[in-house]
1. Run A:Gly21 past the list (1) within 9 Å of another protein chain (Cβ to nearest Cβ); (2) modelled with pLDDT under 95 and report the number of the one that doesn't hold.
2. Taking the residues in segment A:248-269 that are part of a strand (DSSP E or B) and among the aliphatic types (A, V, I, L, M) as candidates, determine which candidate is farthest from A:Met162 (Cα to Cα).
3. Which residue is nearest to B:Asp98 (Cα to Cα), if the candidates are limited to segment B:600-610 and must be crowded, with 16+ Cβ neighbours inside 10 Å and in contact with a strand residue (DSSP E or B) (Cβ under 9 Å, 6 or more places away or on another chain)?
4. Output the residues belonging to segment A:82-100 that are over 17 Å from the mean Cα position of the chain (by Cα) and facing chain B (nearest Cβ under 9 Å).
5. Could you pull out the residue among B:Ala385, B:Ala375 that is closer than 30 Å to B:Thr443 by Cα, buried (at least 24 other Cβ atoms within 10 Å of the Cβ), touching a residue at least 24 places away in the same chain (Cβ under 8 Å) and in the same structural domain as B:Ala242 (by TED's automatic domain parsing)?
6. Among B:Gly37, B:Gly55, which is out of contact with any strand residue (DSSP E or B) (no Cβ under 6 Å at 6 or more places or on another chain) and under 20 Å from B:Phe85 (Cβ atoms)?
7. Among the residues of segment B:395-436, which ones are surrounded by 16 or more Cβ atoms within 10 Å (Cβ to Cβ), part of a loop (DSSP other than H, G, I, E, B), away from chain A (no Cβ under 14 Å) and not β-branched (Val, Ile, Thr)?
8. With respect to A:Leu28, is the statement that it is more than 9 Å from chain B (Cβ to nearest Cβ) and in a helix (DSSP H, G or I) true?
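The values are calculated or read from the model by the stated rules, or taken from the named source; none is laboratory data. Fair warning: this is a prediction, and the values are worked out from it, not measured in the lab. All Cβ positions, even for glycine, are placed from backbone atoms using ideal geometry, and neighbour counts span all protein chains on display.
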Amino acid sequence: MSDKLMPKDFATSQEVRWCPGCGDYAILKAVQKALADVGADPANTAFVSGIGCAARFPYYIETYGFHTIHGRAPAVATGLKLANPELDVWVVTGDGDGLSIGGNHLMHTLRRNVGLKVLLFNNEIYGLTKGQYSPTSRIGTTSPSSPRGSVDAPVSPGQFVMGCGAHFFARGVDTDKVGMSDVLRQAHAFTGTAFIEIFQNCIVYNEDVFANFTERKTAPNTQLHLRHGEPMLFGENNDKGLRFNQETWSLEVMDAIEAPDDVLVHDEGNAIVARLLIDLHLPVAMGVIYRQPAVSFEDGFYAHHPSRMERKKSITDFIQGPSSWTVD
Amino acid sequence: MNRNNDVDSIVIRLAGDSGDGIQLMGSQFAVSTALAGADFATFPDYPAEIRAPVGTTFGVSAYQINLGGGPITTAGDAPEVLVAFNPAALKVSLPMLDRGALVIVNNDSFTARNLAKAGYDTDPREDGTLNDYQVVTADISHLNLEAVKEFGLSKSEGGRCKNFYALGMLLWMFDRELGSVEAWINRRLAGKPTMRDANVRALNAGHAFGETAELSANLPQIKLTQADMEPGEYRSITGAEAMALGLAAAGELAQTPVMFCSYPITPASPLLHRLTHLAEMGVGTFQAEDEIAAICAAIGASYGGMIGVTSSSGPGIALKTEAMGLAVNAELPLVIVNWQRGGPSTGLPTKTEQSDLYQAVYGRNGDTPVPVLSASTSGECFEMAIEATRIAIRHMTPVILLADGYLSNAAEPWRIPDMAAFEPITKNIVPESDDSPQRRAFTRDEKSLGRPWVTPGMPDLLHRIGGLEKDIETGHISYDPANHQRMTDMRAAKTDAVAEFIDDQHIEHGPDSGDIVVVGWGSTYGPIYQATRRTGVSFVHLRHINPLPRNLGEILGRFDKILMPEMNDGQLSTLLRDKLCMETLPFSKVTGQPFLIREIVEKIESLRSNAS
């Protein structure tokens, strides 16, 4: 590409049909901006989605796009990436699509470390089917299918992902332009499955479910933005930090001004600390929580394939089998 | 059966415990048979359990082979020679035999314990059970252990050579060379020299047993007529092997890599295994996490420009159903191979059936037509794999290719085709125009209604596809009522259009018109072929199930009665009544076993006597 593309160049002619005020609009903008920032080639980029509100995403991004069936986007994207490893393949999914009906495919995509960027829009509710509770809904969520409150415990996307052997886990908030664009760029640069949990506000069915930590005014005190090699500081003036409590084996908030040396330094390769960070309720950890590079599935696949999928031999080399005979 | 018989053909059944190496022994016997110029057909019949409890009737593994002068098209009705490695194998196989058959039993296994496990109260060798048969008893286990003693193997290791000892005996009986089997052992056990040498020794000792005075009874030596086969180069092939080669050949004809995505299931897995050996032809194999992921990854691979292929058996195909609809809607090429087995549900995993025809033709949500093909013989899997791929790419549609468990494992001699005789597989061209990429990606060929195969990575053709209904011209999402009608009509017309490209139906043999025509599809080809030959009635066999060949109705209309033997409850009969409004006579067999020739002969004869 000779001319640098702008975010608007990644918008399609299709009218966006999410509810007014939906968090998806902000995510769309952030992704379009991130693609422009990293100089993505639209012809070499594909967005694959399943079913749900989030799954409409490919129609609004000026790249290749495939809106597939419920839960199966990771499987379709795996086939696509195997067929053409040069492609930048993004999977857009939601908490229902990715963790309920498609949980199995997500699990295997993560353990294989397929080179996909997976954006999971978590709004803790089913939107497109009109508001039923989802696998990330908290116990007691009232919805059309749980009028007396849901009884099943939610899954933690972060713990699920770590349990599947993921190599990259990050978080962002739909409306946080700076944070989102940062994690999207880092996900783009990762070889293997880069999984981002995006806290997305469903304005119709689950409004403000994340307000306790996403409110702009209080965010400095409720969100911890992680950077590799830097101390885990937050608060208006970075006056608070996290330290490891050796008696309870947990992270705890501390006064960073008083004891700066006690503040933990973020090591994104540490899976144990990553799991503790995922479980923090306040502050909520954002940014790249865990990154541990490893060989991607497609690289392994091609490295082990005797001809790297090239046709080196012809059918005539094989058709005779171990032994043949001639009838005159 | 007398000594030094000259016979046209003979049916042999090898039966023993599933751990006795019966399948291996059978397939090696088939290869040496072929090398000696005989035609043959085989029927591996094994239990679903990997190692069922030793000595039980449900743990019996058998391999039936019919060999001799041709044409041999089935594994034979009644075995004329039975080799029974244990009492259970005898118990299970004896009812299949005609009186006078030769029964070879392994004496050593007829212990009180094994007799009890097989449900024999008394020893069948002594209580008159075998009076009507020619019986040869041999201490196969013991003689084999003696033969391999010098190798210092444990009792169980030494015992594992006994299938080759028995194979040596059989090869002597049919005057076959040991060379090909020895070569196979040397290749297969190259890394285990002691086992290799012990097996070769067992093989030779078994062969020598036939010639020497060690015989407890006279073992007959049988001379088979040479098969009268078309000149050419032949090999032994199973359906799984032929299918794998056919898919790889299709990739070569299309100059496109093949990505095979599947999940292990009986009896489909042999295709996955075979394809891993064809990697250098540009074939990739991906073992997915489940059946759904397998077809979805194949769809993803097709979207990415490779030939996506998936394969399974009935229950697995059911899981893939939703994704087939996606491929129909997205207009992507895809080949789906179904190795049918007994149903419903998990059913009979290792037994053959052809009961997924409804599923293939009718079994999807929405009006979702898909071309359906069927392979008749093991060797025919090769050309049908090419045909399925050709249709998938030409019409940009998923194609279902029906095979079955019998074909997957059954071996037959196969005349190696001349690849130059196959037309290249060409892709639809992207139209050069100023239209939007979305519109260009959905500009369909007027005759086939296939769209161009546009794949990510192609510059200037960015577009979106998916499972939602789309505008017939622009390709954008459309919920317009009239458009959905047009798209539904277009999808039906596209599948119908396949009939414009395929060969007309032909009559396999028999008169062009008359009182009875027998119509078959799939692996019933063999027994119907023989039965119609013997009775002189006409035989029509279908390779194209959906759409049907254009002239089929016209051909069948020339007969008074349409007899349809099927290993299901009359599914093709329903289809013909549906598509051609023709009255048919279903003839169903769902025992997990292929039709016997005589069953079809008797049916034809009873129809004739009813008519007269």
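1. Exception for A:Gly21: condition (1).
2. Here is the first cut: in segment A:248-269, the ones part of a strand (DSSP E or B) are A:250-255, A:265.
If we keep only those that are among the aliphatic types (A, V, I, L, M) as well, we get A:251, A:253-254, A:265.
Values: A:Leu251: 18, A:Val253: 23, A:Met254: 26, A:Val265: 20 Å.
Looking at the filtered set, the residue picked out is A:Met254.
3. Of the residues in segment B:600-610, the ones crowded, with 16+ Cβ neighbours inside 10 Å are B:600-601, B:603-604, B:607.
After this cut, where a residue has to be in contact with a strand residue (DSSP E or B) (Cβ under 9 Å, 6 or more places away or on another chain) as well, the list is B:600, B:603-604, B:607.
Details: B:Ile600: 18, B:Lys603: 20, B:Ile604: 22, B:Leu607: 25 Å.
Step by step, filter segment B:600-610, then rank; the result is B:Ile600.
4. Applying the first criterion (over 17 Å from the mean Cα position of the chain (by Cα)) to segment A:82-100 yields A:82-87.
Result: A:Leu82, A:Ala83, A:Asn84, A:Glu86, A:Leu87.
5. Numbers: B:Ala375 fails: closer than 30 Å to B:Thr443 by Cα.
Exactly one of B:Ala385, B:Ala375 is closer than 30 Å to B:Thr443 by Cα, buried (at least 24 other Cβ atoms within 10 Å of the Cβ), touching a residue at least 24 places away in the same chain (Cβ under 8 Å) and in the same structural domain as B:Ala242 (by TED's automatic domain parsing), namely B:Ala385.
6. Testing whether each residue is out of contact with any strand residue (DSSP E or B) (no Cβ under 6 Å at 6 or more places or on another chain) and under 20 Å from B:Phe85 (Cβ atoms) leaves just B:Gly55.
7. Answer for segment B:395-436, where residues must be surrounded by 16 or more Cβ atoms within 10 Å (Cβ to Cβ), part of a loop (DSSP other than H, G, I, E, B), away from chain A (no Cβ under 14 Å) and not β-branched (Val, Ile, Thr): B:Met396, B:Ala410, B:Lys427, B:Asn428.
8. Answer is yes for this residue.
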